[in-house]
Amino acid sequence: METKPNSDGAALGMVGLGVMGRNLLLNLADHGFAVAGYDKDPAKVAALRQEAQSPAVRAAGDVAGFIALLSRPRAIMMLVPAGAPVDAVIADLRPHLETGDLIIDAGNSYFKDTERRARDLTAAGLQFLGVGVSGGESGARHGPSIMPGGPREAYERVRPLLEAAAAKVGSDPCVTYLGPGSAGHFVKMVHNGIEYAVMQILAEAYDLMKRGAGDDDDAIAEAFAAWNQGELNGYLMEITATIFRRPDEKTGRRLVDQIVGVAAQNGTGKWTSESAMDLQVTTPTIDIAVAIRSLSVLTAERTRAAAALARPLRPLGGGRAALRAQIGGAIGCAILIAYAQGLALLQAASAKYVYQYSLEAVARIWRGGCIIRAALLEDIRNAYRAQPNLPNLLLDGALAAKVLATEEALRQVAAAAAGAGIPVPALMASLSYLDSYRSAWLPANLIQAQRDYFGSHTYERIDAKGTFHTDWDNQGNR
């Protein structure tokens, strides 16, 4: 029996009723929109029906039934894992869709996959948006930061829904049109790269207090809570303070101490680093955060190395208050540098891929809902409002002053950690980036001479135009 379409159906359909998809759908229903959900897992369909308990929320366990619940032209959002699952969902949907229907990928898809899908679907007469969504389970339910890219007319179709569901800073929704094609997913990728960096910076601060200063979980929680009350205020700082206070129901100890020290990753951090290298943008704080997650997986190998390369850790000197102030300054300086690296990448991508970003708008929609929301974003927004084409945040006068006010703390903490034998790779990478970026001369002339010596790659001179090659050892090229 043929399923007849619903002429007065749901404004949006959701494919994928896991934590994010279900909660975002319920969020939209709370704002008065009729919505429909679909998942191949009957348990997830049942969970949506049970949790919603509203005629505005409907659900289906098969594609045809789901499509019949939607009003024309249809708008369908996917929240499924990146990669092959996205292509599989699109393949399932396409036979049921008509010209002008809209598919929205709200997962963490790689931006080049988004470009491919957009081309294929546009050729088939369908519209496609690549939309980044940040905020986790709570954000999806109560207001995430939403980063859309694709055809503007497609965004305008669903703009009322996205603005209603998004987090609000005052009355300002944390969503805006970012640009064509994969612009939204590229912004979300860089958001996640910055997230990796900030999380690694905070983990290093924890290590300095735990192993370097001998602080217990209560003292560490108090430090993070205090930092969150000042200029370091941000979501990741806030939840870190909460984490250290959470008891483990099984042992009665603190839960954080019962968690295996292996950090997982979903690919977005790696994609950020790869994209930065492709665009010749320097992002060492993000890069090292990705690398250390990979190193954390080598538990057995690191255990062997701890015995084979044993060196006792030395306690950090100085009083607790002074040390904590230094660590706080180091955190602030390194986090600002991490944002500078990520936003420099967005600036370069905007030119290369013709996204035409407004980085002031990016900073604005990151102020609420998303994982990297922080008080610092107001200063970043002001910097781009004053200079939209600013190549690097460190060139903004106000932000440069913040760095100069905290760089000595970063330098002292990095030096103390090196002496103690406590690894702080993100803090060190941030400091090295700062020192390199502000150095008018770098020793790359030697590297270019070496390249010319062994590979005849040529070089440029400081006193003449053109390219030159030298027969360095009078024996020809090796």
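The values are calculated or read from the model by the stated rules, or taken from the named source; none is laboratory data. Computed from a predicted structure; not experimentally measured. We place every Cβ from the backbone using ideal geometry, glycine too, and count neighbours over all the protein chains shown.
Worth pointing out:
- Checked across the stretch 143-152, the condition of being part of a helix (DSSP H, G or I) and under 26 Å from Lys352 (Cα atoms) holds for at least one residue.
- For the stretch 17-46, the candidate set comprises residues that are part of a helix (DSSP H, G or I) and of a type in the set (Lys, Arg); within that set, the residue that is surrounded by the most Cβ atoms within 10 Å (Cβ to Cβ) is Arg22.
- Residue in the stretch 380-404 that is surrounded by the most Cβ atoms within 10 Å (Cβ to Cβ), counting only those that are among the polar types (S, T, N, Q) and not in a helix (DSSP H, G or I): Asn392
- Flag for Ser109 being under 19 Å from Val175 (Cβ atoms), surrounded by 22 or more Cβ atoms within 10 Å (Cβ to Cβ) and out of contact with any Phe, Trp or Tyr (no Cβ under 6 Å at 6 or more places or on another chain): yes
- The set of residues in the stretch 437-456 that are in a loop (DSSP other than H, G, I, E, B) and in contact (Cβ under 8 Å) with a residue 12 or more places away in the chain comprises Arg438, Ser456.
- Within the stretch 354-374, the set of residues being farther than 15 Å from Met237 by Cβ, among the β-branched types (Val, Ile, Thr) and under 18 Å from the mean Cα position of the chain (by Cα) comprises Val362, Ile365.
- Criterion (in the same structural domain as Thr283 (by TED's automatic domain parsing) and not aliphatic (A, V, I, L, M)) met by exactly one of Thr458, Thr406: Thr406
- Any hit, the stretch 334-353, residues being within 20 Å of the chain's Cα centre (by Cα) and not in a helix (DSSP H, G or I): yes
- Within the stretch 133-191, if we keep just the residues that are among the hydroxyl-bearing types (Ser, Thr, Tyr) and closer than 14 Å to Asp105 by Cα, the residue that is surrounded by the most Cβ atoms within 10 Å (Cβ to Cβ) turns out to be Ser182.
- Candidate set from the stretch 72-89 (those that are closer than 20 Å to Arg157 by Cα and either charged (D, E, K, R) or in contact with a Phe, Trp or Tyr (Cβ under 9 Å, 6 or more places away or on another chain) (or both)); member that is surrounded by the fewest Cβ atoms within 10 Å (Cβ to Cβ): Arg72
- So Asp39, is it touching a strand residue (DSSP E or B) at 6+ places or on another chain (Cβ under 9 Å) and free of Cβ contacts under 8 Å to residues at least 60 places away in the same chain: yes
- Hey, Ala106 in the same structural domain as Gly130 (by TED's automatic domain parsing), within 23 Å of Gly181 (Cα to Cα) and either without any contact (Cβ under 8 Å) to a residue 12 or more places away in the chain or touching a His at 6+ places or on another chain (Cβ under 7 Å) (or both) or not: no
- Residue match in the stretch 334-354 (condition: on the phi > 0 side of the Ramachandran plot, touching a residue at least 24 places away in the same chain (Cβ under 8 Å) and surrounded by fewer than 22 Cβ atoms within 10 Å (Cβ to Cβ)): yes
- Number of residues in the stretch 297-327 that are within 19 Å of Gly212 (Cβ to Cβ), of a type in the set (Lys, Arg) and surrounded by 10 or more Cβ atoms within 10 Å (Cβ to Cβ): the value is 4.
For every residue, the table says whether it meets (1) out of contact with any His (no Cβ under 8 Å at 6 or more places or on another chain); (2) outside the structural domain of Ala409 (by TED's automatic domain parsing); (3) within 24 Å of Ala203 (Cβ to Cβ).
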| site | (1), (2), (3) |
| --- | --- |
| Thr303 | yes, no, yes |
| Ala306 | yes, no, yes |
| Gly317 | yes, no, yes |
| Ala322 | yes, no, yes |
| Ala330 | yes, no, yes |
| Gly342 | no, no, yes |
| Leu345 | yes, no, yes |
| Ala351 | yes, no, no |
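- Checking Gly65 against (1) part of a helix (DSSP H, G or I); (2) out of contact with any Phe, Trp or Tyr (no Cβ under 9 Å at 6 or more places or on another chain); (3) not β-branched (Val, Ile, Thr), the condition it does not meet: (2)
- Inter-residue pairs, beta-carbon under 9 Å, first more than 23 Å from Gly21 (Cβ to Cβ) and in the stretch 120-134, second of a type in the set (Lys, Arg), 6+ apart: Ala124/Arg94
- When Tyr357, Tyr339 are checked against the criterion of being under 27 Å from Arg152 (Cβ atoms), out of contact with any Phe, Trp or Tyr (no Cβ under 7 Å at 6 or more places or on another chain) and not aliphatic (A, V, I, L, M), a single residue qualifies: Tyr357.
Residue-wise test of (1) more than 17 Å from Val198 (Cα to Cα); (2) at pLDDT below 95; (3) of a type outside the set (A, V, I, L, M, F, W, C).
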residue	(1), (2), (3)
Ala223	no, no, no
Ile239	no, no, no
Thr242	no, no, yes
Arg253	yes, no, yes
Val256	yes, no, no
Ala264	no, yes, no
